[in-house]
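Let me begin by presenting the structure, written as structure tokens, before commenting on it.
The values are calculated or read from the model by the stated rules, or taken from the named source; none is laboratory data. No experiment lies behind these values; they were computed from the predicted model shown. Here Cβ is always computed from backbone atoms with ideal geometry, including for glycine, and neighbour counts include all displayed protein chains. With ligands, DNA and RNA removed, areas are computed over all heavy atoms of the protein, side chains included. Shrake-Rupley method; radii C 1.70, N 1.55, O 1.52, S 1.80 Å.
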Amino acid sequence: MVSRGKTPIYDPNGTAKLVKSAHVQIDKILWEKCPTVSDEFTLKYQDKFRLKKGDVLLNGTGTGTLGRPAYVDKEPENIFIVDSHINLFRVKESELFYKYLFYWLLAPECQAEIENSYTGSTNQIELSANRAGNLSIPLPPIEEQRRIAAILDQA
């Protein structure tokens, strides 16, 4: 399942934090730089957009950041919600290993498909959740996905 975060309501007194596209770096999320959002926003969207272990994020907007992936490798201690510029992949563990998906999103073949799938021009390019969900992903058996990811983890 691929979804897109929501436009936030910022609040310095909020308890949850917002992951923006600038915080999504290849192979990491800059958790400490995430601003806080209102408790009202959190209550409204945390069920659908609260980050969990195994989530894969893909920047969906902007020249230079479009197509940049990251993943959540452990359960976050705080509540983190993605904003509207990030595509959130939440996969079934029995079908698709999140690290395999991350590495596939980095692959030149997938990056080329992303380049051919966005809409807009100049710095206003966008890969919608629908288009992100339609990216071609080769699906070997789950154990093979884990083996591939483990090899790439060591590279």
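Just one of (1) open to solvent by 40 Å² or more (accessible area, probe 1.4 Å); (2) part of a helix (DSSP H, G or I); (3) within 23 Å of Gly62 (Cα to Cα) fails for Asn123. It is (2). Checking Leu105, Leu58, Leu152 one by one, the residue that is surrounded by 19 or more Cβ atoms within 10 Å (Cβ to Cβ) and touching a Phe, Trp or Tyr at 6+ places or on another chain (Cβ under 8 Å) is Leu58 and no other. One residue stands out among those in the stretch 108-120 that are within 30 Å of Ala155 (Cα to Cα) and of a type in the set (Ser, Thr, Tyr): the one that is surrounded by the fewest Cβ atoms within 10 Å (Cβ to Cβ), which is Ser117. Across the stretch 62-85, which residue is most open to solvent (accessible area, probe 1.4 Å) among those that are in contact with a helix residue (DSSP H, G or I) (Cβ under 6 Å, 6 or more places away or on another chain) and outside any loop (DSSP other than H, G, I, E, B)? Checking each candidate, the answer is Tyr71.
When Lys99, Lys53, Lys48 are checked against the criterion of being among the charged types (D, E, K, R) and part of a loop (DSSP other than H, G, I, E, B), a single residue qualifies: Lys53. The listed residues are Lys44, Lys52, Lys48, and the only one of them that is under 15 Å from the mean Cα position of the chain (by Cα), free of Cβ contacts under 8 Å to residues at least 40 places away in the same chain and closer than 28 Å to Tyr10 by Cα turns out to be Lys52. Filtered by the rule that a residue be open to solvent by less than 30 Å² (accessible area, probe 1.4 Å) and part of a helix (DSSP H, G or I), the stretch 23-38 gives a lone residue, His23.
Taking the stated definitions as given, is Ile151 among the β-branched types (Val, Ile, Thr) and over 19 Å from the mean Cα position of the chain (by Cα)? So Ile151 fits the description; yes. The criterion of being open to solvent by less than 40 Å² (accessible area, probe 1.4 Å) and either touching a helix residue (DSSP H, G or I) at 6+ places or on another chain (Cβ under 6 Å) or in contact (Cβ under 8 Å) with a residue 24 or more places away in the chain (or both) holds for Ala16.
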